[in-house]
Amino acid sequence: MTLHVAVIGSGPAGIYTAEALVKQSAEPVAVDVLERLPTPYGLVRYGVAPDHTSIKSIANYLRRVLELPQVRFLGGVTLGEHLSVEDLLGVYDAVVYCTGAMVDRKLGIPGEDLPGSVAATDFVNWYCGHPDVDPDRFTLDTSEVAVIGVGNVAVDVVRVLAKTAEELSATDVPHEVLERLGESQVKAIHMIGRRGPEHAKFTLKELRELGELANADVCVRPEEAVVLGGDFPRQVQGNIKVLQSWAAREPVGRPRRLDVRFWMRPVEILGSERVEGLKLERTRLSEDGRVVGTGEFETLPVGMVLRSVGYRSVPLPGVPFSERTMTVPNEAGRVREREYVAGWLKRGPTGVIGTNKSDAAETVRTLLADLDGRERVGHDGIGALLASRGVRPVTYDEWLAVEAAEAELAKTLGRGERVKLVGLEAMLRACRP
Ligand SMILES: Cc1cc2nc3c(=O)[nH]c(=O)nc-3n(C[C@H](O)[C@H](O)[C@H](O)COP(=O)(O)OP(=O)(O)OC[C@H]3O[C@@H](n4cnc5c(N)ncnc54)[C@H](O)[C@@H]3O)c2cc1C
Ligand SMILES: NC(=O)c1ccc[n+]([C@@H]2O[C@H](COP(=O)([O-])OP(=O)(O)OC[C@H]3O[C@@H](n4cnc5c(N)ncnc54)[C@H](OP(=O)(O)O)[C@@H]3O)[C@@H](O)[C@H]2O)c1
């Protein structure tokens with residue numbers, strides 16, 4: 001008997017889950033990967049920075065999984081809109097939820113909702129050409145921008161703001177977005193950490209890239225680069241060394257300037273109609289390790305605030321969800337009978353792409369052990385069910401047609417290997433001419 005499994009979401013977690021099912025199952029399996037977009041790969045396509053081409057090439061590995069005979073990609077299908085959990089459990093033996101963490105966490109300070117205060121999730125979606133965000137959404141008509149947070153997403157956002165359009169021309173950034181980046185008025189970028197260099201979440205390789213920007217001077221205040229104590233992991237020691245070397249550097253007059261700040265927390269985004277400034281408070285750690293304000297304030301004259309303080313998952317209709325952890329409660333991936341979870345939805349928005357592979361393998365081990373010897377209810381019924389709802393899923397071959405159109409567009413524009421098509425309509429026109 002064949003084991004029929006639905007994987008919801010085609011990011012790294014979903015595709016590694018499909019791969020683990022094929023590799024680990026002793027009996028024949030049929031895995032359908034259901035994805036709300038017409039395109040696979042989740043944040044590898046719509047998150048990983050466009051200038052990180054070697055990381056983006058992980059898509060070449062993920063592609064081979066989708067090409068396995070046991071695996072089928074069904075794009076344009078949304079759990080909660082086109083199908084319910086009950087629908088899935090009527091057609092499949094098991095369902096694995098892998099829908100990631102697609103929305104921003106809040107700062108919870110006054111002014112957060114002013115125009116010009118932007119979630120990094122939206123900004124990343126914009127430069128990655130995600131169909132949820134209009135390419136005209138951002139104009140970058142301000143000279144100073146603050147980026148809150150010192151994680152790897154903040155570093156990505158800063159790099160995209162600091163680079164010239166020419167530097168990004170060979171990437172897959174949508175052409176409309178590249179034009180907006182070319183018109184950018186941004187001269188100063190402030191990246192703000194609420195704790196010290198030793199607490200920053202960015203990794204050394206990513207940090208070093210900021211020091212190599214051709215178009216921006218990187219500045220760190222010597223007094224903010226001071227770190228007390230010394231028994232830090234190697235990565236952290238590396239970060240501290242790099243930041244302290246920047247603190248000793250003089251700017252050389254590059255067109256843009258990046259100020260990396262520490263021990264400052266945002267307390268208010270200022271402005272009446274739109275963002276006109278950001279009020280910061282100097283911080284220190286309390287005896288019990290909490291970040292507390294010192295009562296010393298500073299205002300930055302920024303016209304845009306990019307909040308890069310982490311992602312969070314959203315509940316799926318009919319699926320248990322913890323509002324405390326913002327994840328789906330599970331035991332080694334098991335949610336309820338025949339329901340499982342993997343990836344960011346399972347463990348929260350941390351870790352690199354590879355972390356999702358071992359995570360998915362754990363979930364699949366649990367699933368196969370649970371279903372071992374149990375009666376099968378799954379069958380190849382999803383096509384008929386979707387047809388009865390008027391949904392025609394995007395097939396893997398149709399996705400390949402979108403890819404081909406993106407390569408063709410790059411050739412026409414004289415830009416790199418591919419340029420992203422923007423909007424669902426353009427993608428559907430490319431795959432269903
Ligand atoms: C901006 C950014 C840059 C990053 N850059 C790197 C990097 O350079 N290197 C690195 O190692 N890691 C990077 N990461 C981390 C990496 O992207 C994550 O570890 C990984 O993508 C998480 O995988 P996932 O499958 O859980 O989620 P996702 O990749 O988000 O995939 C979830 C998928 O589910 C789909 N979906 C959502 N809801 C539904 C629904 N209701 N029905 C059907 N489908 C649905 C989504 O469209 C999406 O395709 C980055 C993360 C971010 C946010
Ligand atoms: N190239 C890559 O490998 C790459 C690229 C992008 C993303 N990723 C991965 O994707 C995951 C998510 O990255 P991320 O950058 O979104 O999250 P992150 O690593 O958790 O960083 C979030 C940052 O926001 C800060 N922050 C949180 N709440 C705040 C508040 N209220 N006020 C001020 N600052 C606040 C955090 O500071 P505190 O530490 O003080 O809380 C931290 O500096 C990470 O695992 C990351 O490594 C990897």
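The values are calculated or read from the model by the stated rules, or taken from the named source; none is laboratory data. On a predicted model such as this, the values are computed, not experimentally measured, just so you know. Note that we place each Cβ from the backbone using ideal geometry, even for glycine, and neighbour counts take in every protein chain shown. These area figures cover heavy atoms from the full protein model, side chains too; ligands, DNA and RNA do not enter into them. Shrake-Rupley method; radii C 1.70, N 1.55, O 1.52, S 1.80 Å.
Within the set V352, V422, V391, the sole residue that is among the hydrophobic types (A, V, I, L, M, F, W, C), under 20 Å from V85 (Cα atoms) and out of contact with any Asp or Glu (no Cβ under 6 Å at 6 or more places or on another chain) turns out to be V391. Would you call V133 within 16 Å of ligand 1 (Cβ to nearest atom) and hydrophobic (A, V, I, L, M, F, W, C)? Yes; evaluated as a whole, the condition is true for this residue. Candidates in segment 303-320 are the residues that are crowded, with 18+ Cβ neighbours inside 10 Å and away from ligand 2 (no atom under 15 Å from the Cβ); of these, the one that is nearest to L79 (Cα to Cα) is L316.
The one condition from (1) open to solvent by 20 Å² or more (accessible area, probe 1.4 Å); (2) farther than 19 Å from L371 by Cα; (3) of a type in the set (S, T, N, Q); (4) modelled with pLDDT of 95 or more that T39 does not meet is (1). Is it the case that L280 is closer than 19 Å to L207 by Cα, within 28 Å of the chain's Cα centre (by Cα), modelled with pLDDT of 95 or more and open to solvent by less than 20 Å² (accessible area, probe 1.4 Å)? Here the answer is no, as L280 does not meet what is asked. Scanning segment 340-364 for residues that are within 20 Å of V31 (Cα to Cα), surrounded by fewer than 21 Cβ atoms within 10 Å (Cβ to Cβ) and either in contact (Cβ under 8 Å) with a residue 60 or more places away in the chain or not acidic (D, E) (or both) gives K357, S358, A361. Of the residues making up segment 365-386, those that are open to solvent by 20 Å² or more (accessible area, probe 1.4 Å) and not in a loop (DSSP other than H, G, I, E, B) number 7.
What single numbered condition from (1) more than 27 Å from the chain's Cα centre (by Cα); (2) more than 22 Å from E224 (Cβ to Cβ); (3) hydroxyl-bearing (S, T, Y) fails to hold for Y340? Every listed condition holds for Y340 apart from (1). All conditions in (1) closer than 22 Å to V48 by Cβ; (2) touching a helix residue (DSSP H, G or I) at 6+ places or on another chain (Cβ under 9 Å) hold for G229, with the sole exception of (1).
Each row is one residue, and each column tells you yes or no for (1) open to solvent by 20 Å² or more (accessible area, probe 1.4 Å); (2) within 16 Å of ligand 2 (Cβ to nearest atom).
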position	(1), (2)
G76	yes, no
H82	yes, no
D87	yes, no
V91	no, no
V95	no, no
M102	yes, yes
K106	yes, yes
G111	yes, yes
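Of the residues G348, G333, only one is within 12 Å of ligand 2 (Cβ to nearest atom), at positive phi, at pLDDT 95 or above and of a type outside the set (A, V, I, L, M, F, W, C); which? Before you say what the answer is, go through the steps one by one.
Working: G333 fails: within 12 Å of ligand 2 (Cβ to nearest atom).
One residue alone meets the criteria, G348.
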